[in-house]
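Worksheet for the structure shown next.
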């Protein structure tokens, strides 16, 4: 008689290590999400989330933040070189093949950026009274807000205003929320410091949101194709 894989409960040390080895391969090498891994292994999703959190902290602990930042920048540089080669190759393709190639390039970009952003910020202490669910929901509201004209090029003060409109919270909460966004990797998507009296810095919020998997690439494309 076949057995039903366990959905929770205690695991032996060997079982746990074997599972975490598989989670590492699926998440970091194959790019699978926690939900996909949970379904594949028939294991509770919370268990997989805990495994990913543990593995990420172990990876982060083996590098200094400066080393991780350098690796992140090296990967971005490599991507840019690959993109240039693919763009030259793209010109020889038909329209449908070009669309597929561009989507492939974008997927690589977002996956690598998201992975290094997660590693870089994995040891950030939980110093904000903001749940992950609230964090995700508010950012989604910002992306769909009619008050935001271009989330690929948005200033810090505009982001804070959008946070306030989405939460009606105190100034401290708004500032904490924005700082949490930067700690979670938004800093990597800083574009430049502006000379605008009302904006200190510009960000590519769209890329950050997709890299963090708050919205899918298709959802973001829908937002960007329909300007408010």
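Each value in this text was obtained by applying a stated rule to the coordinates, not by laboratory testing. No experiment lies behind these values; they were computed from the predicted model shown. For neighbour counting, all protein chains shown are included, and Cβ atoms are generated from backbone atoms with ideal geometry for every residue, glycine included.
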With label points built 7 Å along Cα→Cβ from the Cα atoms of residue 106 and residue 40, find their separation and express it in nm.
2.4 nm
One finds, for residue 78 and residue 30 with R0 = 25 angstrom and r their Cβ-Cβ distance, a FRET efficiency to the nearest 0.05 of 0.80
When 184, 84 are arranged by how many other beta-carbons sit within 10 Å of their Cβ, fewest first, they go 84, 184
Taking neighbour counts of Cβ atoms within 10 Å as a proxy for exposure, in what order, fewest first, do 95, 177, 203 appear?
95, 177, 203
If I stretch the segment between residue 89 and residue 172 completely, what's the gain in nm (0.36 nm per residue apart, minus their alpha carbon distance), one decimal?
24.9 nm
Counted neighbours (other Cβ, 10 Å), sorted fewest up, put 202, 88, 103 in the order 88, 103, 202
Length released on extending from residue 131 to residue 200, taking residue separation times 0.36 nm less the Cα-Cα span:
22.1 nm
Could you check the spin-label model distance between residue 147 and residue 11? Points 7 Å from the Cα along Cα→Cβ, value in nm.
4.4 nm
